[in-house]
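To keep things clear, I will list the structure first and then write my remarks on it.
The values are calculated or read from the model by the stated rules, or taken from the named source; none is laboratory data. Keep in mind that this is a model prediction, so the values were computed, not measured. Quick reminder, even Gly has a Cβ in these numbers, built from the backbone with ideal geometry, and neighbours come from all protein chains shown. With ligands, DNA and RNA removed, areas are computed over all heavy atoms of the protein, side chains included. Shrake-Rupley method; radii C 1.70, N 1.55, O 1.52, S 1.80 Å.
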Amino acid sequence: MVRNPIPAPVAGPSRADRIIPSVTRGYARYVLGVMVAINFLNYMDRYVGAAASPLIQKEFGLNDTEVGLLGSAFLLVYAVAALPFGYWADRGIRKVVIGVGVTIWSLATLFTGFARNFTQLFLSRGVLGIGEAGYYPAGTSMLSDYFPKEQRGRVMSIWSVGSALGIAIGFAGGGYVADKYGWRNAFFFAAVPGIVCALLAFGMREPLRGSAEKRGPAVAKTYDASIRKFIDLMRIPTLRATILSQTLLYFVLASNAFWLPILLNRRFGMSVSQAGLLAGVVLVFGGLIGTLGGGWVADRLGRTSPAAYIQVGIVGFLIGAVFIVIALFAPLSAGPIPIFVPAFLIGVIAIYLYQGPFTAISQAVVAPSLRASAVTVLLFVSHVFGDSHSTFDVGFLSDRIGSLQVALAITSPTLLILAAAIAATGLRTARGDVEAMEEEWARRPAQEPVTAGA
């Protein structure tokens, strides 16, 4: 039998006690496939709301500030709910955490389609945040125990492909269904596949924590997670740099993605389905190229320097800052030469370069017993201080200055440049933080090994 692609232990205090569940290379890839599918639904359910927002705004007579609040309801609840779910993921069975989260967000998406007023819309989008907060910390931690450090840039990028596809289908499919069959049906369409994925999640095997490390124990459970540990994680310089950098980045990503269909409708007179289709096609191609390319480049460069995982993201932020400005002010074309779409595409590719590399380096500097907690800290900080208020802020600014286009131009490039500068503070500490984690985990005494859930 071909084993899971986890390197054989070469040293450490607990080799004789290591028990690793029987997992084939093919099964590890199967788990990755399920996780990609769940991540796809994760983002599709979010952006169906953005695609349908022009019709929702019209039906309920909402201004830009109120539409922005719908996005903020999801993001703020998502950030706060990540704390208990992340704590649970580092102490419990991660596949159960994932399955529960998928079930909750699928039901929330379903009930959004039944909303009859702004309050009901607001509450249903908030509950969506509770469900989606359960998935990402547990999923990141679990995949890190299926694949070794040297493969994680590519693995996390492949996983992140689900988000690019989800955003694209959420925009294009959600916009089409909303335009042709009503915005409520768009939410019904998005909710059903989630139940299937929840069942698949409950059926996955749970890997031992630390299985993919070259040294140190592999354990079924730890009790390291705590509020104090959440705070202490911010003392790791490399992790802190990536979290604060992504806090600014998330503002840009959320505000631009949320307001894009309305912007295309206003600037170019596109219908809901046309705006959703254009946004979806560009996002899927740009997101795929940027996400997969970023992980591949980072894994190659990262063989000699862990700082390469951060460098890839920095380059993407700076290029993205330039092309997002071009896209915001460019016409659709100059004669026969298209302008807006190529600029939009290059900007998307550049910004998405960070996704796999930042996730990989963040997991590499944190012990396996606290990896879900590290993602929880990222979600809490970046969403509370970054994107939870971004859609509201841009909507409020748009109402005050009378231009959504200018509101996005003021915020997006400025924050991308600042994100690159903050990320750069982790370049000098990346290697030392990775080595410190590996040494600390290798010295950890073995706990009583228990075979993880089948």
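Side notes on the structure shown:
- On full extension, the segment bounded by Arg267 and Ile417 gains 51.4 nm, given 0.36 nm per residue less the C-alpha separation.
- Length gained when the stretch Arg443-Arg431 is fully extended (0.36 nm per residue, less Cα-Cα span): 2.4 nm
- Ligands, DNA and RNA left out, the accessible area of the chain computed with a 1.4 Å probe is 68% carbon and sulfur.
- Taking all protein chains as they are arranged and a probe of 1.4 Å, the heavy atoms of Thr103 leave approximately 40 Å² accessible to solvent.
- For the chain, a crude dipole built from +1 on the beta carbon of Lys and Arg and -1 on the beta carbon of Asp and Glu, taken about the Cα centre, is about 800 debye to the nearest 20.
- For segment 27-134, the mean projected area of the C-alpha convex hull, equal to one quarter of the hull surface, is 7.0 nm².
- With all pairs of different C-alpha atoms in the average, the Kirkwood value for the hydrodynamic radius of segment 102-245 is 18.1 Å.
- Computed over protein heavy atoms with a 1.4 angstrom probe, the accessible surface ordering of Arg209, Arg400, Arg125, largest first, is Arg400, Arg125, Arg209.
- R0 of 25 Å, Cβ-Cβ distance Ile326-Ile401: FRET efficiency to nearest 0.05: 0.75
- Derived scalar couplings ³J(HN,Hα) [segment 393-402; Karplus, 6.51 cos²θ - 1.76 cosθ + 1.60; whole Hz; x for Gly, Pro]: 4, 5, x, 5, 5, 4, 5, 6, 9, x
- Sites Asn63 and Tyr30 - FRET efficiency at Förster radius 51 Å, r taken between beta-carbons, to 0.05: 0.60
- In the chain, helices alone account for a calculated mean residue ellipticity at 222 nm of -25000 deg cm²/dmol, with every DSSP H run of four or more residues adding -39,500 (n - 2.57).
- Kirkwood hydrodynamic radius over Cα pairs of the chain, then Stokes diffusion coefficient at 25 °C and 0.890 mPa s, in µm²/s: 112
- Taking the convex hull of Cα positions in segment 326-454, its mean projected area over all directions (nm²): 12.9
- The relative contact order of the chain comes to 28 percent, based on Cα pairs under 8 Å that sit 6 or more residues apart.
- Taking the centroid of alpha carbons for each part, segment 85-164 and segment 259-337 are 24 Å apart.
- When +1 charges are put on Lys and Arg Cβ atoms and -1 charges on Asp and Glu Cβ atoms, the dipole computed for segment 193-344 relative to its Cα centre reaches about 380 debye.
- The charge dipole of segment 114-255, taken about the Cα centre with unit charges on the Cβ atoms of Lys, Arg (+1) and Asp, Glu (-1), comes to about 220 debye, rounded to the nearest 20.
- Between 0 and 90°, nearest 10: helix 25-60 axis offset from the chain longest Cα axis: 20
- Cα-based shape type of segment 235-298, given that a ≥ b ≥ c are square roots of the gyration tensor eigenvalues and the cut on a/c is 1.5: oblate
- Lysine pairs in the chain whose alpha-carbon atoms fall under 29 angstrom of each other, counting only those eight or more residues apart or on distinct chains, come to 10.
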